[in-house]
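The values are calculated or read from the model by the stated rules, or taken from the named source; none is laboratory data. Predicted, not measured: the structure shown is a model, and the values here were computed from it. Using ideal geometry, Cβ is built from the backbone for each residue, glycine included, and neighbour counts are taken over all protein chains shown. Accessible surface areas use protein heavy atoms only, side chains included; no ligands, DNA or RNA. Shrake-Rupley method; radii C 1.70, N 1.55, O 1.52, S 1.80 Å.
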Amino acid sequence: MEVKARAPGKIILAGEHAVVHGSTAVAAAIDLYTYVTLTFPLQSAENNDRLILQLKDISLEFSWSLARVKEAIPYDSSTSCRSTPASCTDETLKSIAVLVEEQNLPKDKIWLSSGISTFLYLYTRIIGFNPATVVINSELPYGSGLGSSAALCVALTAALLASSISDKTRGSGWSSLDETNLELLNKWAFEGEKIIHGKPSGIDNTVSAYGNMIKFCSGEITRLQSNMPLRMLITNTRVGRNTKALVSGVSQRAVRHPDVMKSVFNAVDSISKELAAIIQSKDETSVTEKEESIKELMEMNQGLLQSMGVSHSSIETVIQTTVKHKLVSKLTGAGGGGCVLTLLPTGTVVDKVVEELESSGFQCFTASIGGNGAQVCF
Ligand SMILES: Nc1ncnc2c1ncn2[C@@H]1O[C@H](COP(=O)(O)OP(=O)(O)O)[C@@H](O)[C@H]1O
Ligand SMILES: C[C@@](O)(CCOP(=O)(O)O)CC(=O)O
Ligand SMILES: [Mg+2]
């Protein structure tokens, strides 16, 4: 039996980091996906005692005997149930880390460890100790702020949950999950994100699961209906970084300067709320005026992100380059490198700015904003 699932990456238009501390943020799905194909072998097949993970886009394969997985991961029937998402305990995570270490990841791919641990956790908790081959292929750059970690958790969970849905309509293409399964999927994916991010807000897995554009605050989701065209240039600085470390850095700053950081997070909250209101507004304000307001809000958000300590010289270079073309940019995701968003007001011709950014070694692309969330295919 084969099940496929896909989940999109995202951009955060406003509110990253502050959202971890209870502020509002606005995010949208983009049309770059992580795909997961789950195949269960026949009883008589050669691999019917193994769990195999293939990472297609990085040409890596991992394989565990199920006996070894069973021996290593403490089994507790009260936490191993697809319908009750549970957090990975420190003890379980340690056991899983041993299984990952045994695979001898190449040194330059060690950053994959947390993703593989998450895979093992979600797989064994949702499916149990059953044999399968899981093929994962991603169009998203890893660790660049476009939510590859959440897309992995969402696509994988979607495939795992869908494998036990009884009314499968075969051959009818991609379809969304119903609200109940979507809610369950989002909860499991959040547990997966915790392994990769440490302390995620939940915005990335939520926008990847539900798609479109959302306003998010302390787990509360408002689906946004955009009433204006919104075009963004995405520039990948190609500077690698790790969300977990950056999130923890902001938390430490908040411990050192609680009052100041509270004001910073409050300011970000106001920016996100105002941005969401502009995007949704149906009043007479012209698109140009709305774009001017969004520009200012992005500029202020970037200033506040800089004050949280998550900007980077490469991000500043992108910002300065786009300013020369009268365009405004802000980092998206965790920062510290990764991707930068540049608002492209109606009528903007991007050729010159893209040429200049690419000549500095950055990678530019545009993506369609606000599309599908998680989908499955049988
Ligand atoms: N397809 C994948 N396969 C395995 N691990 C993945 C995959 N996608 C993401 N990851 C994990 O997520 C990490 C990147 O997540 P993160 O630092 O949150 O950045 P982002 O979510 O912006 O890409 C990677 O280092 C890896 O551990
Ligand atoms: C920094 C943060 O707000 C977003 C992180 O996004 P990404 O993993 O860098 O794509 C963290 C979170 O909300 O969990
Ligand atoms: Mg992430």
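Structure data summary
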read-out	value
Gain upon complete extension [V255, M1; 0.36 nm per residue less C-alpha separation]	86.4 nm
Orientation-averaged projected area, Cα convex hull of region 268-311 (nm²)	3.1
Point-to-point label distance, A245-T288, nm (Cα→Cβ direction, 7 Å offset)	4.6
Relative contact order computed over the chain (Cα-Cα under 8 Å; 6+ residues apart), in percent	28
Net lengthening on full extension, S59/I165 (0.36 nm per residue, minus Cα-Cα)	35.1 nm
Protein-only accessible surface order, largest first, of K215, K70 at 1.4 Å	K70, K215
Set of region 281-321 residues, backbone N closer than 19 Å to the point 7 Å along the Cα-Cβ line of S263	300-310
Surface per residue (accessible, 1.4 Å probe) for the chain, Å²	43
Alpha-carbon gyration tensor eigenvalues x 5, square-rooted, for the chain, Å	36, 22, 20
Förster radius 35 Å - calculated FRET efficiency between K326 and T222 (Cβ-Cβ, nearest 0.05)	0.65
